[in-house]
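Quick one: the structure is below, questions incoming.
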Amino acid sequence: MFSNKALRSTLIISMLTLVGLTFSFQAKAACDFVSTKDNSHFVIKGTDADTPEAKEFLATCKNPYTAKFAADAEAAKQGKKVLSYNGCTGCHGGNLGGLMAPSLVKNGGVGAFDTRWVYAKNGTDKGMFETIANGTPGLSGGNMFIWHNQLEGHTGDGLTTDEILKAISYIRTVYKGTDEKTWLK
């Protein structure tokens, strides 16, 4: 019926097809990032240096640190360290209550963005990642720089995916705004 050579060729082609479909599925499962500045798409690729948490986020758009930091104040300090060491507090204030940039705590005040996010998408970890990674157009008065180290024009050495995720999760632990805490769902 079939020769061994034909059978092997058919088997190899079938396996390659299956591998191709698997890679195709994995590519579609990855986050589709949209710039806060202009709604254009941008790509952040996984790297060998990425932590398992960063890889999980890039595949699912779900920040694994958010629930962990909400439950463990000691672990949350990792995110506070990222914010402090990279100058975020220079604009957002030492307690994240706002300075030259909007408050990230959202604990009240008279400003338009003192109780809610400047960009509604920041209610999700994916949205806040997009805002930090690729910067902002400055709706609250000033532009925020590009921070992700894979994006052209990033600030200084830039931040890794993991560093941005830790910063986001810390911000979530100190948030007191009126918006629903959708990131905990």
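Under 15 Å from a point placed 7 Å out from the Cα of ASN107 along the Cα-to-Cβ direction: which residues of region 163-181 have their backbone N that close?
Output list for this probe position: 171-178.
Tell me which residues come under 5 Å, amide H to amide H, from LEU159 once H is placed; ignore anything under 5 positions away on its chain.
Here the answer is HIS148, ASN149, since their amide H atoms fall under 5 Å of that of LEU159.
Among the aspartates and glutamates, which have Cα under 17 Å from the Cα of LYS121 when same-chain residues fewer than 8 positions away are ignored?
Answer for LYS121, where 17 Å is the Cα cut-off: ASP32, ASP38, GLU130, ASP179, GLU180, listed by chain and number.
Of all the Cα-Cα pairs you can form in region 57-185, what percent are over 27 Å apart? Intermediate values should be presented prior to the final figure.
Numbers: 768 of 8256 pairs.
It works out to 9 percent of all Cα pairs.
If I stretch the segment between GLN150 and LYS81 completely, what's the gain in nm (0.36 nm per residue apart, minus their alpha carbon distance), one decimal? Kindly include the intermediate steps, with their values, before the conclusion.
Working: separation 69, 0.36 × 69 = 24.84 nm, distance 2.10 nm.
Roughly 22.7 nm would be gained on extension.
Tell me, what does the Kirkwood hydrodynamic radius of region 44-121 come to in angstroms if you use every pair of distinct C-alpha atoms? Don't jump to the answer; show the numbers that get you there.
Details: mean 1/r = 0.0694 Å⁻¹.
14.4 Å is the Kirkwood radius here.
Using θ = phi - 60° and the Karplus form 6.51 cos²θ - 1.76 cosθ + 1.60, what ³J(HN,Hα) does each residue of region 122-136 get, whole Hz, x for Gly and Pro?
Listing the rounded values in order: 5, x, 10, 5, 4, x, 5, 4, 4, 5, 6, 4, 10, x, 9 Hz.
Beyond 19 Å between alpha-carbons counts as too far, so tell me which of LYS55/LYS181; LYS68/LYS181; LYS80/LYS176; LYS80/LYS166; LYS62/LYS166; LYS37/LYS185 fall in that bin. Please list the in-between numbers first.
On the way: LYS55/LYS181 24 Å; LYS68/LYS181 15 Å; LYS80/LYS176 16 Å; LYS80/LYS166 8 Å; LYS62/LYS166 12 Å; LYS37/LYS185 26 Å.
The pairs that break the limit, which is 19 Å between Cα atoms, are LYS55/LYS181; LYS37/LYS185.
Counting pairwise Cα distances across region 133-185, what percent come out greater than 15 angstrom? Each step should come with its number before you reach the end.
Working: 811 of 1378 pairs.
Roughly 59 percent, once rounded to a whole number.
Computed from the coordinates by the stated procedures, all read-outs in this text should not be read as laboratory data. Since the structure is predicted, the reported quantities are computational estimates derived from the model, not experimental observations. With ideal geometry, Cβ positions are generated from the backbone for all residues, glycine too; neighbour counts draw on all protein chains shown.
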